[in-house]
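> Here's a structure for you.
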Amino acid sequence: MRKFNLFLPVSILIYLICAIVVGYHMVHLQQASSYAYRIEVNRIMEELQAGKTIDELNIKAYQTITAVTYLDANDKQTTQIVSFYEDKDTPYVIMPWMKDGQIEGYLRFDYHIQKSQKHIFLIVEGILFIVEVFVFTLLWYLKKHLIKPFQRLSTLPESFAKGHYKSNIKVEKSRYLQRFLWGMSQMQDSLDTSRKRQIELLKEKKQMHLSLSHDIKTPLNLIKLYCKALKEHVYESHDQQAQIYDKIDDKCNEIERYVNEIMKTSRENILDLQVEKGEFYLYDLMKRVLDTYKEQCVLRQIELYVGPCENRLLYGDIDRSQEIFENLFENAFKYGDGRRIEITFYEEDGCQLIRVFNTGQVLEERELVHLFESFYRGSNAQHQNGNGLGLYIAQTLMRKMEGEIFVQQEKDGMAFIMVFH
């Protein structure tokens, strides 16, 4: 902000320097033009001294001299003298004509002074002043309506990053920031809601784990009791021991069900993925995707091919669909070989299928069945950052939109097919 404040006085200083420089040059030109006739008088005198007569002079060749008149020093006629010295509303200068050191006559040079360039000076200075007023007004306007309001909002991202979602977003009169403020307010509400939902999920998960842990203790204690009885030979007959072994097996199966339930709910509650079901056009989705990743492919020198498609109306959430594409592209960047990415479209059984293919290392068949599991990372994920959630999120979102996603292993790469209704 301090640096921007310097622009105001600097603009004024630049204007003053320009005005002074222009004024100096205009005055200099005016002075030079006002003495131009003297130079031409001297040139004419040199021509006459060289032997030319007044009648032989080409007056039109001169810019300021309009006429040259001669008066003999011995001429006593009053009429000629009066005519020679007569003021004809024209500025003139009289020069003596010397010969052999004696004055033989006088030369009168009528001239005109070039028009003053004062009006040009005023116009130029006026234009400079108008430009300066415009620049100063523009800088002041930007400072008041854009920079200052934005500066007041500059602490919001830091506040959100620290988890302060309850801070009030001050209303700004600047119309340029209305949409920005609306977006920040939406993000604040979304973050606050997400945090509340996360806390609720953690509470539910903790309660569930406590409940299941308590339920597990009962069969576990029975197993321990049965094992102790067997160890102490409480049941001596073979039939009694077989019954106890069956009971232990039942309790182990019961514990296994509890463990599976814990694993299932843990996977389901990893992320709270909300979907707003609706309708959107395929062109709108692809425009969002290509606006984001077309340039990235160019920068990474990856060939991106997008096949033809019809602008069909799809069912789902366009924002979540874009998120699925983002996960697929990020996977292609990480695990592909950086040669080619293809997006093709086709229809099947009334559904819109979108195929995203990237060249690269092919996974083994046994890995494909686990590819959409949470935290699973394939053999091609070595030395690559990630958490194994991208494809899990993609599949979860597709299913919540009543669609599906599956993987195809091809000769020189991997293809993911999204199915939209």
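> Of all strands (runs of 3 or more DSSP E) completely enclosed by segment 274-340, which ones contain at least 1 residues that are more than 28 Å from the chain's Cα centre (by Cα)?
Correct list: 278-281, 313-316.
> A further question follows. For a quick check of your reading of the model, give me the residue pairs whose first member lies in segment 273-289 and is touching a residue at least 60 places away in the same chain (Cβ under 8 Å), whose second is open to solvent by less than 90 Å² (accessible area, probe 1.4 Å) and acidic (Asp, Glu), with beta-carbon atoms closer than 7 Å and at least 6 apart or on different chains.
Taking only residues 6 or more apart or on different chains, the pairs are VAL275/ASP317; LYS277/ASP317.
> Starting from segment 335-349, take each residue that is surrounded by fewer than 18 Cβ atoms within 10 Å (Cβ to Cβ) and list its partners that are assigned to a strand (DSSP E or B) and polar (S, T, N, Q), counting only C-beta distances under 6 angstrom and pairs at least six apart or across chains.
ASP337/THR359; ARG339/THR359
> Report whether or not LYS115 is within 29 Å of the chain's Cα centre (by Cα) and at pLDDT below 80.
Criteria not met by LYS115.
> Of the residues in segment 321-334, how many are within 16 Å of GLY403 (Cα to Cα), touching a Ser or Thr at 6+ places or on another chain (Cβ under 9 Å) and open to solvent by less than 30 Å² (accessible area, probe 1.4 Å)?
1
> So, one more: Quick check: is even one residue across segment 261-268 at pLDDT 90 or above, open to solvent by 100 Å² or more (accessible area, probe 1.4 Å) and under 27 Å from ARG355 (Cα atoms)?
The answer is no, given that none of the residues of segment 261-268 is at pLDDT 90 or above, open to solvent by 100 Å² or more (accessible area, probe 1.4 Å) and under 27 Å from ARG355 (Cα atoms).
> Considering (1) modelled with pLDDT under 75; (2) open to solvent by less than 60 Å² (accessible area, probe 1.4 Å), say which one MET45 fails and leave the rest.
Tallying (1) modelled with pLDDT under 75; (2) open to solvent by less than 60 Å² (accessible area, probe 1.4 Å), MET45 fails exactly one: (1).
> Any idea how many residues of segment 212-243 are touching a residue at least 24 places away in the same chain (Cβ under 8 Å) and open to solvent by 50 Å² or more (accessible area, probe 1.4 Å)?
3
> Go through LYS162, LYS173 for me and flag whichever is over 20 Å from the mean Cα position of the chain (by Cα), at pLDDT below 75, open to solvent by 60 Å² or more (accessible area, probe 1.4 Å) and more than 27 Å from LYS196 (Cα to Cα).
LYS173
> Please go through (1) at pLDDT below 95; (2) in contact with a Lys or Arg (Cβ under 8 Å, 6 or more places away or on another chain); (3) farther than 17 Å from PHE420 by Cβ for GLU342 and return the number of the only condition it doesn't satisfy.
(1)
The values are calculated or read from the model by the stated rules, or taken from the named source; none is laboratory data. Note that this is a predicted model, so its numbers are computed, not measured. A quick note on method: Cβ atoms are made from the backbone with ideal geometry, for glycine too, and the neighbour counts reach across all protein chains shown. Only protein heavy atoms, including side chains, enter the accessible area calculation; ligands, DNA and RNA are left aside. Shrake-Rupley method; radii C 1.70, N 1.55, O 1.52, S 1.80 Å.
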